[in-house]
Amino acid sequence: MPGKVKYHELTSDQKRKYLGEFYSMVALLESRQEVKSFFKDLLTLSEITMISRRIQIAKLLLEGKNYDEIRKALKAGRTNISQVEKWLNNGFGGYKNIITKYNKKNKIKDKASFKSSVPFSREWVRKKYPMHYFLSNLLNKK
């Protein structure tokens, strides 16, 4: 009878085939746009949101935030946080690996975008009115 496929009811060959093909297909994605399109077609918005929140929980745990801080920031339940913490500490290292890579890649960009996004800060004004600071911006680039 058709219905949901339960992981534990699959044969070893089926598990290997389904998961192997899935991981291979994900590994073929080359750009952010390809990843975005693939997962938008594959998952519902609700599923994407749930996965995204797990990643945010993992990021906050890696930053040393406690359960109460995470619950307050993300409105996540204790069970959800503890499950992510379990995967983070006892899983295969996927969370730590990708979050570390992401943080390294975006560290400089995040600092610069934060400074320039604070309204009426010196950086914000320089970005908003670059011609007023043309000479000093030119000198700062050197």
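At-a-glance table
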read-out: Given (1) loosely packed, with under 10 Cβ neighbours inside 10 Å; (2) under 22 Å from residue 101 (Cα atoms), number of the condition residue 9 does not satisfy; value: (2)
read-out: Check on residue 112, modelled with pLDDT of 90 or more and small (Gly, Ala, Ser); value: no
read-out: Qualifying position, being among the β-branched types (Val, Ile, Thr) and touching a residue at least 12 places away in the same chain (Cβ under 8 Å), among 81, 48; value: 81
read-out: Which numbered condition residue 3 misses (of (1) under 19 Å from the mean Cα position of the chain (by Cα); (2) outside any helix (DSSP H, G or I); (3) of a type outside the set (A, V, I, L, M)); value: (1)
read-out: The range 73-88, residues that are farther than 16 Å from residue 52 by Cβ, of a type outside the set (Ser, Thr, Tyr) and exposed (fewer than 11 other Cβ atoms within 10 Å of the Cβ); value: 86
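One line per residue, one yes/no per condition, for (1) over 16 Å from the mean Cα position of the chain (by Cα); (2) of a type in the set (Phe, Trp, Tyr):
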site: 12; (1), (2): yes, no
site: 23; (1), (2): yes, yes
site: 39; (1), (2): no, yes
site: 45; (1), (2): no, no
site: 66; (1), (2): yes, no
site: 83; (1), (2): yes, no
site: 95; (1), (2): no, yes
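The values are calculated or read from the model by the stated rules, or taken from the named source; none is laboratory data. All figures in this text were calculated on a predicted structure; none of them were measured in a lab. Glycine gets a Cβ as well: all are built from the backbone with ideal geometry, and neighbour counts include every protein chain shown.
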